[in-house]
1. What are the residues in segment B:65-79 that are buried (at least 19 other Cβ atoms within 10 Å of the Cβ) and within 10 Å of chain A (Cβ to nearest Cβ), if any?
2. Within segment A:151-160, which residues are within 23 Å of A:Leu68 (Cα to Cα) and within 11 Å of chain B (Cβ to nearest Cβ)?
3. With respect to B:Lys228, is the statement that it is closer than 17 Å to B:Gly35 by Cα, away from chain A (no Cβ under 14 Å), surrounded by fewer than 20 Cβ atoms within 10 Å (Cβ to Cβ) and of a type in the set (Lys, Arg) true?
4. Please determine whether any residue of segment B:124-141 is surrounded by 15 or more Cβ atoms within 10 Å (Cβ to Cβ), in contact with a Pro (Cβ under 8 Å, 6 or more places away or on another chain) and polar (S, T, N, Q).
5. Hey, can you tell me all the residues within segment B:110-147 that are within 13 Å of another protein chain (Cβ to nearest Cβ), among the β-branched types (Val, Ile, Thr) and within 21 Å of the chain's Cα centre (by Cα)?
6. Please go through (1) under 24 Å from A:Ile190 (Cβ atoms); (2) aromatic (Phe, Trp, Tyr); (3) surrounded by 15 or more Cβ atoms within 10 Å (Cβ to Cβ) for A:Phe155 and return the number of the only condition it doesn't satisfy.
7. Would you mind listing the helices (runs of 4 or more DSSP H) fully within segment A:1-114 where at least 2 residues are under 14 Å from the mean Cα position of the chain (by Cα)?
8. What helices (runs of 4 or more DSSP H) completely inside segment A:171-273 contain at least 3 residues that are within 14 Å of chain B (Cβ to nearest Cβ) and without any contact (Cβ under 8 Å) to a residue 24 or more places away in the chain?
Amino acid sequence: MFFQLIVSGISFGSLYALVALAMVIIYKTSEVPNFGQGEMSMLSTFVAYTLLVTHGHSFAVSFIGALLFAAILGIFLEFVFLRRAKDPNILSLILITLGFQMILYGLASWKWGADQRDLPFPVSDFDVINLGPAVISYLNIATLLITLILMLLLFVFFKYTKIGVAMKATQQNAMAARINGIRTNRILSITWAMSSAIGAVAGILLAPIATLDPNLMLDPLLKGFAAAVLGGMTTLVGAALGGYMLGVIENLFGGYISLEFKSVVAFGIIVLVLCFKPSGLFAKHYVRKV
Amino acid sequence: MLLEIKNIETFYTLIYALRGVSLTVEEGTITAILGNNGAGKSTILKTVMGLLDDQPDKGTIEFMGKRIDGKDPEVIVRMGLSYVPEGREVFEELSVRENLLMGAYIRRDRAAIRKDFEQIYGYFPVLREREGQWAGTLSGGEQQMLAIGRALMNRPKLLFLDEPSLGLSPILVKEIFEIIKTINQEGATILLVEQNARMALAISDIGLILENGRFVMKGKSKELIEDKDVQEFYMGMRSEESAKGYQRWKRKKRWR
C-alpha cells in the first residue's frame with residue numbers, strides 16, 4: 001500500500017506543482033500571490049469543455065483553444081485590473097486578485113451553472129499499468145509526463161532564451177530592466193499569459209478526475225499555494241518540488257492516519273513552514289550585502 | 001550638439017528638486033556635473049532618462065535634435081542613450097554574461113555583440129574571470145565595472161554615469177576613471193555625475209557645479225581645478241592657514 005500511496009501522491013502532486021508554478025511565475029514579476037489563479041484555470045477548463053462537448057471540436061482544437069483563451073484571459077486581467085493600481089501595496093494587490101476571482105467565479109456560475117459535468121479526456125483514468133506492488137492509470141502517467149515536459153520547457157525558456165532571461169531580469173530589478181530597453185509592461189503581459197496557460201493545463205488534467213463545476217479549482221488552488229509556500233515562493237524548482245512533496249505527504253497522511261483530515265495537511269504544512277523557514281525549503285537567494 | 005536640456009524643472013511630489021536647469025553636451029566630450037548630496041545631480045540624469053513619472057514638469061530635453069522629454073526609458077534607450085545608475089543596480093541573480101547580454105537586449109546583430117563582449121572584457125578583464133558567476137556575488141568594484149559594461153553593450157552615443165566612484169577604494173576609483181577616459185577616447189560622449197570633484201575634473205573637459213537644483217558655475221575643467229572656491233568647497237583644500245594653525249573664518253562663496 002505504501003508504494004501505491006506514493007505513486008498516486010506523485011501524480012496528484014504534479015497537479016499541485018503546476019498550480020504552484022503558475023502562482024510563482026506571477027508572484028515573481030507582479031509580486032502578488034494570485035488568488036484568482038484557480039478561477040482563471042477553471043474558466044479555461046470550461047472553455048475547453050464548451051469547445052469539446054457543445055461545439056464538438058476535436059481534443060487538439062479544444063485544448064489548444066482553451067490554452068489560448070487562458071493566455072488572453074491572463075493578459076486581459078493584468079492589463080485591466082492590476083496595471084490600473086497606482087503605487088499599490090501588497091494588500092491592495094491581493095484584494096484585486098480576490099476581486100477578479102469572484103468576478104470569474106460568478107461568470108462561470110452564470111454561464112455554465114452549478115451542474116457537475118464530465119470533461120472527456122483522450123486518455124483513460126481506468127486503464128492501468130501494473131508497477132510491481134502498485135498500479136498507475138494512463139491518465140496519471142499522462143499528467144506526470146505533461147508536467148515534466150512543461151517544467152523542462154520552462155527551464156529551457158528561462159535559461160536559454162533572451163526573453164526568458166529578460167523576464168528574470170525584470171523580476172529582479174524592474175528599473176534596471178527598463179534602462180536596458182526591456183519593455184517591462186510587455187514582460188508582465190507575457191508572464192500572465194504563461195502563468196494562466198499553465199494553470200489551464202492543470203485544470204484540464206484535473207477535470208477528468210474530479211468533476212467540472214465552478215468549484216473545480218478551489219481545493220487545488222489552496223494546495224498549490226501551500227506547495228509554493230513549502231518550496232519557496234521565489235523559486236520555480238522549489239515550487240515544483242513543493243507540489244510533489246505535498247502530494248505525497250498528503251496521500252501518506254490520508255492512507256495511514258486519517259482520511260477525513262487529509263485536506264488539512266496542506267494548511268498544517270503552510271503554518272509549519274511559515275514558523276520555521278518562512279522563505280520556503282528550497283529558496284536559494286542571494287542575500288544583499290549591506 | 002548631442003544633448004540639449006532647456007530650463008527643466010522637476011518635482012518629487014512636493015519637493016522642488018530641479019529649479020530650471022539648462023545644459024548642453026557636445027559630441028566627443030566628457031561633461032561632469034559636481035555638487036553635494038541632495039543638490040539634484042542624479043535627478044537631472046533620471047529626468048532625462050524618463051525614469052520619473054510625469055517629469056520634467058517644465059522645460060524641454062532634446063537628444064540629437066529630437067524631443068525626448070516625457071518619453072519612456074525603453075524608448076530613450078533605443079535612441080542611443082545609456083545610463084549607469086547610482087549604486088550599480090546589476091541583476092544580482094543573473095550571471096555576469098547574462099547581465100551583459102541584457103545590456104545588448106535591444107540589438108539584433110549577433111556578430112557585433114560577440115565583438116563587443118570581447119571589447120568589454122578587454123576593458124575589464126576581471127569580468128571574463130567571473131563570467132558564469134551571479135552578479136550579486138561580485139565585489140562593489142566589479143559590480144560597477146559590470147554596470148558600465150552593461151551600459152556599453154548598447155553601443156550608446158551618449159553615456160550617463162551616476163557616481164561611478166561611490167563606495168569604491170581610491171585605487172579602484174582611479175582605475176575606473178582611467179577606463180572612462182579610454183571609453184571616451186574611443187568615441188562615446190559621456191555625462192558624468194560625481195561627488196569626487198578632483199577625479200571628475202581631472203578627466204572631464206567641461207565641469208558644472210549644481211547647488212540646490214540650480215547650476216551655479218560652469219567652465220573648462222582645467223580652469224575649475226584652479227578656482228579657489230571650487231578647491232575650497234568641493235576639493236577640501238584649505239586656502240590659508242591662520243597663525244594658530246586653524247582657520248577661524250569661512251570663505252564666502254562668490255556665486256551666491
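1. Across segment B:65-79, the qualifying residues are B:Pro73, B:Glu74, B:Ile76, B:Val77.
2. A:Phe158, the sole residue that qualifies.
3. So B:Lys228 passes the test.
4. Looking for residues that are surrounded by 15 or more Cβ atoms within 10 Å (Cβ to Cβ), in contact with a Pro (Cβ under 8 Å, 6 or more places away or on another chain) and polar (S, T, N, Q), one finds none in segment B:124-141, hence no.
5. Hits for segment B:110-147: nothing passes.
6. (3)
7. By residue number, A:2-30, A:37-49, A:59-77.
8. A:174-179
Since every read-out is calculated from the coordinates, none of them should be taken as a lab result. In this text the structure is predicted, and so the values were computed from the model without any measurement. Here the Cβ is made from the backbone with ideal geometry for all residues, glycine too, and neighbour counts use every protein chain on show.
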